[in-house]
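The structure appears below as structure tokens.
Just so it is clear, none of the values below were taken in a lab; they were calculated from the coordinates. These numbers were taken from a predicted model, which means no experiment stands behind them. Positions of Cβ are generated from backbone atoms using ideal geometry, with glycine treated the same way; all protein chains shown enter the neighbour counts.
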Amino acid sequence: MLLGTVGAGLGVFNAQELLALVSLSVLVWLFFEWVQFRWRADVQLRGLSCERLVNGISSPTGRFWTRRLVRITVRVSPDSSMRIPWLRLEDVLPENMECSDGANIVDGYLQGADPFEFSYTATPRGAGSAILPGVTVRFGDLQGLFFIQRFLPARQSFRVLPTCIGIDTAHPTTKQVNSLPPPGIHRMQRAGMGSELLELREYVPGDPPKSIAWKVSAKRDVLMTRQYESEVPVRTTLFVDASFGTKLGAFGLRPIDQIILLAGSIARSTMSLRDPVGLVCFDNAHTMAVPSGLGERHFYRILDQLTECAVPTQPPLARLTTPLLEHTWATLQDRQPELLLPRVNQLPFRLFPIRPFLRNLNQRRARLTAALTEVYGLPADAPSQLEQDDLRLAALCQRYLTESGLAWTWPVVERRGREVHDWDARFDTLTAALTSAVAHGRDNELFVLLLDLVDYTGSLERLKQVIRLARARHHRVVVICPWPDETLKAKPADSPEKPDTVEDLVERAERTRLVAAAERLKRELRRLGVPVAFAADRRAIQLTLIEADLARSGRSTAGVRR
Amino acid sequence: MKPDGILKRISDSNRDAPAMSHRASDETSPAFFYGIAIAAGAAASVTMFSRGGAGLLLGFAAGLAALAILRLWTVGILLLVIQGALFAGQPQRLIDHVSLLDLITAAGVMTLLVAGSRFLMIARGLSPIVNLSEATRRFLPGNLRASAEQEFTRHTADFGIAERSTAVLRIVLAVAGAALLLRVIPVDPGALDDAWLIPSGLRLISLAVLLLSIFLVTDLLIETVTWRSLSVREARVFLRSVLTVWCDRELRAVMYQEMKQRRNRR
């Protein structure tokens, strides 16, 4: 435009007709393009609407399963006949989903009133929630002169349930022989009211006469009483660690993902033997319990509760850093670009700061505060307060990013902050929950503690005390810790390979630290007769099932340990 | 860079940076060396004529700068060259009408510009010049780089068929409109007597006023239509921001006072 203006001016002033004509032609061309672009961008694009079909259903809520494909079809329809030569559409995916087949970003054009449609396949990464907010429309003219970005909201919210691992339990679920108790009822080698004989003992006044073994009494010349076995259900209670520390990391790689996968699989395997399963979810402050139960409905209740645990809530407070602001700005620009337009979001004139970088940063922050004020319906003076209050703005940025589907990774949380791993609070809630379970439970129950203890270097005495209490009441306890890297076995810490880079050195050091922490945990808990597993695979589930078997039989032999 | 394996657990950088600005793709890295070679060749040719080290340096710097700016301003550079040639080569003549040859020439230049712009927009990835300058652009400071909006390139050539045919119409309209403007505002031989201005000066001012008026009226019309179609959220943000602009000084004074009191309490 500048060249056209200068050229036209020079041409007219110097009486060079051809120069003036060429330059004016450029100006007129630019003018036409500008008018057409603004009409399309400001008037026609507002008439677009979006509809999304997820697995053929356009319901605003629904349910996914991790690692199972989801077919998504997006249809963008104009409200009237329009001609947009080309536009780029992006169905915004949360971090919890990845596009697996096809593309969620496509180029297209609108001609007449026909809708534009595209499809792709996506896979949820981790349990929790997945919100599909809408479609970003990027539109420019064919010459690359102008550009605009709009967002078409089409919010659909889904719960992502964990896909459980199927374990062959090799237990008959139908009663084959009459002497066997019915499924879900196990013979326990303690005195009770079962049908199988446990032992014979001398008669004690008060024993029912029908239990007297007359033949044996006649032989021994002493009254003997038959003692029968107990027939009990073995209840399994899963203690799921849903504290802040377990939610750190990318979706699908968080400790909570492994914990949930394990808990779901154990629940499924145990319930397939008709053993009742209960669930206790705890974090740094709260405990949420699902009482023991059986059946498909109860299993889905447990899965729902596990999914609820995996949903990232408000993370621990972080400092307001430039990357946090930039991420919030970029996300807001993607999801609600109209709130950041200078024409709508005006700023007061300020002389300082004069340096362009700082000035730009300040202006961006001011626009961000105004937009967040609108998003969260804050009072009218909130922008001014937020401009001065770093902590409050940081909390709002974190909230916005988390609600937008970003995982708890940097810069949403500062993972080195001590507030992320509040071990004292975690042990407080765990010990309270376990003590309550022991107090309310009967004998011979199985407690599975799914804890992220690998990073803990302090004393385990509080945990050991409560485990001793459970063991004293004849309960069995299994501890399973999520493991950060499954390749650990492939590359042992004392591998003779020489590290090449700093990353290799850090990786080796981290590996060594983890192995040492795992050994320490195993050593300390094994003394209490508690098996410990470090994995989220079939072996950990099998270990739990072995312990459940032992609990059913009433024997005290320790199970297989990894 | 995202870490792999066990380092993911302790790493702080397991998410890509937000797309605040465009990053050059790795595919263009060989093009940088190609560009260096071309720039060196250009510099060598310049040296042949200038016989001096300064010429080599100048040529090298000019080559790199040209590569850097060619990426987005290819059409601009083309227009500048054409305008320069016309400015230097065309004779001055005070006539009111444009000839048919001028119209054809202008249409030819416009065709070149429009086609060039469209080619760069649609097939930017295919252009070696673009790849070349893309690679060079990595070495520019951040604030000299183009914003993310300008990086909006199209990957496929699939667009509305009607839009292809309108290119000719645009060129014809642009040239006809320019010719009409020049005809509407002719050279006034009596400008010196009437307005105390040389005829071409008066014509320039009249043309500028006419163009500005057309622009302002059109902008006003579109702005009015756009303003009336604001969403409720946009309107709320606008109202709140206007309120903040009006009361900015007072609000800041209150805030500072509160902060001061809070500090004193501590």
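With a 10 Å radius around each residue's Cβ, average the other Cβ atoms per peptide and rank A:395-403, A:123-131, highest first. Write down the numbers at each step before the final one.
Numbers: A:395-403: 21.3, A:123-131: 23.8.
In descending order of packing, they fall as A:123-131, A:395-403.
Can you give the average number of partner chain beta-carbon atoms within 10 Å of each beta-carbon in peptide A:459-468, as a whole number?
Averaged over the peptide's residues, the number is 0.
Which is farthest toward the positive dipole end of region A:47-161 among A:G102, A:I131, A:F147, measuring Cα position about the Cα centre, with Cβ charges +1 (Lys, Arg) and -1 (Asp, Glu)?
A:I131
Take peptides A:24-30, A:224-230, B:87-93 and line them up by average Cβ neighbours within 10 Å, highest first, as a rough protection proxy.
A:24-30, A:224-230, B:87-93
Could you calculate the contour length gain from A:R350 to A:E461, that is, 0.36 nm times the residue separation minus the distance between their Cα atoms, to one decimal place in nm? Each step should come with its number before you reach the end.
Working: separation 111, 0.36 × 111 = 39.96 nm, distance 5.90 nm.
Here the answer is 34.1 nm.
Roughly speaking, what % of Cα-Cα pairs in region A:91-153 are separated by over 19 Å, rounded to a whole number? Walk me through the numbers on the way to the answer.
Numbers: 871 of 1953 pairs.
Distances greater than 19 Å cover 45 percent of the Cα pairs.
With each label point set 7 Å from Cα along the Cα-Cβ vector, what nm distance links B:V225 and B:A115?
3.2
Taking a temperature of 25 °C and a viscosity of 0.890 mPa s, what whole-number D in µm²/s does Stokes-Einstein yield for region A:322-403 with Rh from Kirkwood over alpha carbon pairs?
Taking Rh from Cα pairs, D becomes 190 µm²/s.
Please give the residues of region A:301-315, grouped as numeric ranges, whose backbone N is less than 16 Å from a label point set 7 Å along the Cα-to-Cβ vector of A:R513.
No residue qualifies, since no backbone N sits under 16 Å from the label point.
Counting partner chain Cβ atoms within 10 Å of every residue's Cβ in A:368-376, what's the average? Working shown, then result.
Details: counts 0, 1, 6, 3, 0, 5, 7, 2, 0.
Partner-chain Cβ atoms within 10 Å, mean over residues of A:368-376: 3.
Note down the Stokes-Einstein diffusion coefficient of chain A in µm²/s, whole number, using a Kirkwood radius over alpha carbon pairs, 10 °C, and 1.306 mPa s.
Taking Rh from Cα pairs, D becomes 55 µm²/s.
Of all the C-alpha pairs in region A:188-230, what % are more than 12 Å from each other?
So the pairs more than 12 Å apart make up 55 percent of the total in region A:188-230.
How large is the Kirkwood hydrodynamic radius of region A:272-425, in angstrom, based on all distinct alpha carbon pairs?
18.3
7 Å from Cα along Cα→Cβ at both B:L80 and A:I57: what's the point-to-point distance in nm?
Result for the modelled spin labels: 6.0 nm.
What per residue convex hull volume, in Å³, comes out for region A:275-359 when only alpha-carbon positions are used?
Hull volume over Cα atoms, normalised by residue count, gives 169 Å³.
Report, as an integer, the average count of C-beta atoms from other chains found within 10 Å of each Cβ along B:212-224.
For peptide B:212-224, the averaged partner shielding equals 2.
With n ≥ 4 as the cut-off for DSSP H runs, can you work out [θ] at 222 nm for chain A, using -39500 (n - 2.57) per run divided by the number of residues, rounded to the nearest 500?
Result for chain A, helices only: -11500 deg cm²/dmol.
Under the 0.36 nm per residue contour assumption, what length would be gained going from the current alpha-carbon distance of A:T321 and A:D304 to full extension?
Full extension from A:T321 to A:D304 adds 2.6 nm.
Between A:R526 and B:V172, what is the label-point separation in nm under the 7 Å Cα-to-beta-carbon projection?
Taking the two extended label points, one gets 9.0 nm.
Report the antiparallel proportion of the DSSP beta bridges in chain A as a percent, rounded to a multiple of 5.
Percent antiparallel among DSSP bridges in chain A is about 70.
Over region A:2-41, what number does the Rg to Rh ratio reach, with both radii from the alpha-carbon atoms and Rh per Kirkwood?
1.14
How many lysine pairs does chain A hold where the Cα atoms are under 27 Å apart and the two sit 8 or more places apart or on different chains?
Qualifying lysine pairs in chain A: 9.
What number results when the radius of gyration of region A:293-336, computed over Cα atoms, is divided by 2.2 N^0.38 Å?
1.96
Take every Cα-Cα distance within region A:47-161, group them into 5 Å bins from 0 onward, and report for each bin the whole-number percent of pairs it holds.
With 5 Å bins starting at 0, P(r) equals 2, 12, 22, 24, 16, 11, 7, 4, 1, 0.
Could you sort A:385-392, B:175-182, A:50-57 so that the peptide with the highest average Cβ count within 10 Å comes first and the rest follow in order?
B:175-182, A:385-392, A:50-57
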